[in-house]
Each structure stands twice: as structure tokens, then as C-alpha cells.
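Structure first, commentary second.
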Amino acid sequence: MLHTILDRYIFRELFSPFGISLAALCFVMLTKELLRLVELLVTKGIGFLSVLKVFAHLLPSFLVLTLPIAGIIATITAFGRLSLDKELVAMRAAGFSLLRLSQSVFLFAGLVCGLTLVMAQYGQPWSNVNLKKVALNLLRDELVLELDRGVFNEAIPKMTIYVPDAQEGQDNRGIFVADERNPADPRIIVAQQYQVMTDPASSQVALRLMNGVIHSRPQNPEEYQKISFTSYDLKLSLSASLYGAEERTPIDVIRAKLESTGWTDTNALRRLMEYYKDLAFPAASLVFCILGVPVGIVSKRSGSIGGFAVGVLVVIAYYVLNVACEFLVTTLWISPFAGAWLPNVMFTLVTILWFYRVSRQ
């Protein structure tokens, strides 16, 4: 498709704003996790390679969201600059139509759409599964290296571990554990010393507590138990099911549930709509990239920052429309398929009409 110098020139114009905006958007989305990872790297001695693995496993989920936004920002910025510098006027005066000049954009949009589809279908599921394993490895490393002193460690769900600061000139190894994993039998454990133990074969971690007391309250509120021990092994169940995203319900199960409820179960309707969005959202990135051509020409004086802002506003409008369609699906006004694809259809019509109107000017 890029058989002329002009096509290659326009194609190269798209890459610079695309790369910059993609990097900026990923950095913004990674900011929250970045602070936690830096803390693990600096204060807890977690290996740099482990931190890089977390970054690699987080990126696919972020790219699914950032690729369409970066695509429309790239086309808005590129055609805004071409229009502002009168290069677009010279190209059209030479006999090139806007449709012909957009040939490079169509190829670029197809690449962005394909990459978004790959990330949504394969990258994101791979990330969700493997991120659990990485998170468990980091948690084991954190517990084996050293529990933070003077703070409440809540790495294990429904369990709080507190290690007091050692007093000057003393090696105070006391520990406090609030174990609420079993709601019927919550326990408070206090011990004078502790030791972290690991089992490489089963990848499990346990705390060996010495010289302590277990306080528990049975279901009868009038009863109270106190058990003293000299040595007690507390297993920390690092189950992958406790971390990461939930496994998606198979689509056949969702359809069967909807059939049994007469297609009135709002939760099942929402989950079925998510399956349709797996294809609808990557297709939206194709529409976004093409929509950026007329938007960039109209807002040519907005510059790079303005193109970024306009692109973000367009995507926000798309998400608002998605929320509205989800509401219509849950209120049984439209089907899940229509709710997933209606925003794409509306944006496609706007893109065609706007593109045609600008090309006629």
C-alpha cells in the first residue's frame, strides 16, 4: 500500500505522536503500580528482574485500553500538522483526494486494530494467569526477606501481621497476627519470636511461632479461649485464587443461565456483553484512527497537546456511550450484542459523514 513517497511520508508522520502518546498513557496507568514496585525494589530487596516481570505482565491489559487512544491521537496530531502547515492543501491541489491521502491511515488503523485484537484475545488472558504466579513469588520473597517492622503487613487476604520495632540495644522479635481467614473462628496470636519457613516443593510459606498465646472466641459470645504454646506453625496459604483477576465464566454457562431465567438476569447479560466487547473494542480502534483524519483537519490549530486532549475527549465520549448501552442492556431495552456494537455503529456513521464533509471542502 505504501508504494509512493507521499504514502510513506504520511505513514511516518503517524508514528511519532503514536509512540509518544502510547508511552505517556501507559506511564499514567502504571503510576499507581509503579510506586508499589519501587517500594518493593528499594525497601524490601525484591530483585530488579522480578519487578520487570511484573511490568511485562501488566502491559497487555494496559495496551488494550491505550492503543485505541494512541491511534486517534496520532491521526489527529499528524493531519492537524499537515493542515496547519498547508501541506495538505498542496497535496490536494496536486490532485490527491482526501480518501487517497488517507490510504496510509487505513493501513495504520488496521495495524492498531490487529494489535489491539491480539492483546485482547491472547495478551490479556495470558497476563491474568501468569500475573498471579509472579505476585505469589513476590509475596514469598517479601515474607522470606523480612516483614516490615512497625507497620501492619496485610499481604495475605484477611490476615494482618505486625512486627514491632526493635528497641535500642535489644533484639525484640515479637510478632502479632490477626487471622480472620475462618470467619467462624477468628484468632489473635501473639508470640515472642518467629521464623519464616518455605517449602520449595509446594511453594508454600509458614510462620514458626515460639513462646506465644492464641486468643480465640468461639461462636458463643460468652465463651473465650486462650491457648499457650512453645512452638506453633502457622501456614500462610498462598493460593493463586486469592490474587489477580477472577476467571471468566464460559459463554455457554452464561447462555444457559440466561435461558433458564428468560434472559432477565442482569449480571449474566452484562457478562455476555463483555464477551461481545472482546471484538467490538478492537474494531473501535479502527474507527478511531480514521475518525482522527477529519478531527485533525478541523482542529488543526490545537497542536500536539490539543490533539491529545481532543483524542481523549473522543474516547471518553465512546466510554460514556458504552455505559449508556450497558444500562439499556441491563434494563432489557436492547440485547447484549446490540449494546456492545451500537457505539461502534454510531461512531462509524459519524466518521463517514464527517470524512465525506471534510473531503468536499
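The values are calculated or read from the model by the stated rules, or taken from the named source; none is laboratory data. The model shown is predicted, which means the values in this text are computed figures rather than measured ones. All Cβ positions, even for glycine, are placed from backbone atoms using ideal geometry, and neighbour counts span all protein chains on display. When the accessible area is computed, the model is the full protein with side chains, heavy atoms only, and any ligands, DNA or RNA have been set aside. Shrake-Rupley method; radii C 1.70, N 1.55, O 1.52, S 1.80 Å.
Descriptive notes on the structure:
- Within the option set Thr77, Thr66, being at pLDDT 85 or above, in contact with a Pro (Cβ under 8 Å, 6 or more places away or on another chain), of a type outside the set (A, V, I, L, M, F, W, C) and closer than 30 Å to Ile10 by Cα holds for one residue only, Thr77.
- Of the residues making up segment 284-303, one or more are open to solvent by 60 Å² or more (accessible area, probe 1.4 Å), within 30 Å of Pro17 (Cα to Cα) and modelled with pLDDT of 85 or more.
- Condition check for Ala309: at pLDDT below 85 and part of a helix (DSSP H, G or I): yes
- Only listed residue being open to solvent by less than 70 Å² (accessible area, probe 1.4 Å) and out of contact with any Lys or Arg (no Cβ under 6 Å at 6 or more places or on another chain), chosen from Tyr275, Tyr356: Tyr275
- Filtering segment 110-123 to residues that are of a type in the set (Ser, Thr, Tyr) and open to solvent by 10 Å² or more (accessible area, probe 1.4 Å) leaves only Tyr122.
- Only residues that are open to solvent by 30 Å² or more (accessible area, probe 1.4 Å) and more than 22 Å from Cys26 (Cβ to Cβ) were counted in segment 65-109, giving 18.
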